[in-house]
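Before any comments, here is the structure.
The values are calculated or read from the model by the stated rules, or taken from the named source; none is laboratory data. These numbers were taken from a predicted model, which means no experiment stands behind them. Every residue, glycine among them, receives a Cβ derived from its backbone with ideal geometry; neighbour counts consider all protein chains shown. Keep in mind that these areas ignore ligands, DNA and RNA; they rest on the heavy atoms of the full protein, side chains included. Shrake-Rupley method; radii C 1.70, N 1.55, O 1.52, S 1.80 Å.
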Amino acid sequence: MSVLALPDIGVLGPYTYLATELLWGAVALALLRYADAFREAARTTLVLYPFAYLWDWYTLEVGVFAIPLRTGVEFLGIPIEEHLFMFVVPAMVVGTHESLRRLLDEDD
């Protein structure tokens, strides 16, 4: 069985995580624009953010995971990349959901 070799994006060093967040954030923004769902994403993100922040802070604090390829810049006790992650993920979910809804509505 051959294993698919994934590209090594670690060449970006401490900016690797930030770069991936910006890339996927751009995808999320494109989906939100297509679906015209910025308001829905903002509302969802603002509701989820406090829970995500506490969960992230706690898991980092107790050593559940570590993030080696990051800038090292922290805000409120967690890496800035994690703050971005907490915006990108809900935006991606809402953008995907609303884009699918729009596509399916157009088929009717």
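Got a sec? Which of Glu40, Glu21 is within 30 Å of Leu104 (Cβ to Cβ), charged (D, E, K, R) and either outside any helix (DSSP H, G or I) or touching a Phe, Trp or Tyr at 6+ places or on another chain (Cβ under 9 Å) (or both)?
Values: Glu40 fails: either outside any helix (DSSP H, G or I) or touching a Phe, Trp or Tyr at 6+ places or on another chain (Cβ under 9 Å) (or both).
The unique qualifying residue is Glu21.
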Residue within the stretch 79-86 that is surrounded by fewer than 18 Cβ atoms within 10 Å (Cβ to Cβ) and more than 17 Å from Gly25 (Cα to Cα) present: no
Residues satisfying the stated conditions in the stretch 32-45, i.e. loosely packed, with under 15 Cβ neighbours inside 10 Å and either of a type in the set (S, T, N, Q) or within 21 Å of Phe75 (Cβ to Cβ) (or both): none
Residues located in the stretch 50-108, provided they are among the aliphatic types (A, V, I, L, M), over 15 Å from the mean Cα position of the chain (by Cα) and assigned to a helix (DSSP H, G or I): Leu54, Leu60, Leu100, Leu103, Leu104
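Please tell me if Leu54 is aliphatic (A, V, I, L, M) and within 13 Å of Glu82 (Cα to Cα). Quick ask: steps written out before the conclusion?
On the way: aliphatic (A, V, I, L, M): yes; within 13 Å of Glu82 (Cα to Cα): yes.
Judged against the criteria, Leu54 is a match.
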Members of the stretch 1-26 found to be in contact with a helix residue (DSSP H, G or I) (Cβ under 9 Å, 6 or more places away or on another chain) and open to solvent by less than 90 Å² (accessible area, probe 1.4 Å), listed by number: Ile9, Gly10, Leu12, Thr16, Tyr17, Leu18, Ala19, Thr20, Glu21, Gly25
Neighbours by Cβ (under 8 Å, 6+ apart or cross-chain): first from the stretch 24-52, on the phi < 0 side of the Ramachandran plot; second outside any helix (DSSP H, G or I): Leu31/Ala37
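For the condition out of contact with any Asp or Glu (no Cβ under 7 Å at 6 or more places or on another chain), open to solvent by 100 Å² or more (accessible area, probe 1.4 Å) and of a type outside the set (Asp, Glu), what is the one hit in Leu48, Leu76, Leu60, Leu29? Before you say what the answer is, go through the steps one by one.
Details: Leu48 fails: open to solvent by 100 Å² or more (accessible area, probe 1.4 Å); Leu60 fails: open to solvent by 100 Å² or more (accessible area, probe 1.4 Å); Leu29 fails: open to solvent by 100 Å² or more (accessible area, probe 1.4 Å).
On inspection, the qualifying residue turns out to be Leu76.
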Where Thr59 falls short, out of the listed (1) touching a Leu at 6+ places or on another chain (Cβ under 9 Å); (2) without any contact (Cβ under 8 Å) to a residue 40 or more places away in the chain; (3) among the hydroxyl-bearing types (Ser, Thr, Tyr): (1)
Filtered residues of the stretch 87-101 (kept if without any contact (Cβ under 8 Å) to a residue 60 or more places away in the chain and crowded, with 20+ Cβ neighbours inside 10 Å): Pro90
